[in-house]
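No value in this document is a laboratory result; all are computed from the given coordinates. Predicted, not measured: the structure shown is a model, and the values here were computed from it. Cβ placement follows ideal geometry from the backbone for every residue including glycine, while neighbour counts extend to all protein chains displayed.
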Amino acid sequence: MKNVIKHQAHPWGREVWFTQDQKALEALGRKFDLNTNTEGSLGLCWGTSGPLIIWIRPGAGHGVMAHECCHAALDILDYAGMNPAHSNGEPMCYTLQRMIEAFTPHLLPPQNS
């Protein structure tokens, strides 16, 4: 799918898709039956029967990226049956780190409306 970055969260068996494109998000909403109303939000994370989906408003920045990736990492570890605090939180931190590394290069600057 155009304008969607896909990341496989190894070894947990979940895929995470990232977009900042409103049309791509609307297509994902139709595909996975999601309420994709982003009004008033800087970022959102949805769990689906398939991938987790992260949307971030263009220009929202690294803090919002970390926030939404944290939601996804918690969902991934829950799916795997692992306590996020296990082993001083290392599985949680590595899962979060890998998502941020995968998606940060694709962050868009603010767009003029």
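With a ≥ b ≥ c taken as the square roots of the eigenvalues of the C-alpha gyration tensor of the stretch 46-112, please select rounded if a/c is under 1.5 and otherwise prolate if a/b is larger than b/c or oblate if it is not?
Details: a/c = 2.91, a/b = 1.77, b/c = 1.65.
It is prolate, given that a/c is not under 1.5 and a/b is the larger ratio.
Near residue 110, within a Cβ-to-Cβ distance under 15 Å, what is the net charge of the other residues, with Lys and Arg +1 and Asp and Glu -1?
Numbers: positive: 57; negative: 21.
Within the 15 Å Cβ shell, the charges total 0.
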*Could you name the aspartates and glutamates whose alpha carbon sits less than 18 Å from that of residue 6, not counting residues in the same chain fewer than 8 places away?*
15, 21, 26, 68, 75, 101
*Multiply the residue separation of residue 66 and residue 48 by 0.36 nm, subtract the distance between their alpha-carbon atoms, and state the gained length in nm to one decimal.*
4.5 nm
*How far is it, in nm, from the label point at residue 79 to the one at residue 106 when both lie 7 Å from their Cα along the line to the Cβ?*
1.5 nm
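Please give the calculated 222 nm ellipticity per residue for the chain, where each DSSP H segment of at least 4 residues contributes -39500 (n - 2.57) and the sum is spread over every residue; nearest 500 deg cm²/dmol? Intermediate results must be reported in sequence, preceding the final value.
Details: 3 runs with 44 residues, N = 113.
After summing the helix terms and dividing by residue count, I get -12500 deg cm²/dmol.
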*Can you grab the distance from the C-alpha centre of the stretch 18-46 to the C-alpha centre of the stretch 70-104, Å, no decimals?*
22 Å
_Here are a few candidate values for semi-axes √(5λ) of the Cα gyration tensor in Å: [x] 30, 13, 12; [y] 24, 16, 12; [z] 26, 18, 12. Which one was actually calculated from the structure I just gave you?_
[y]
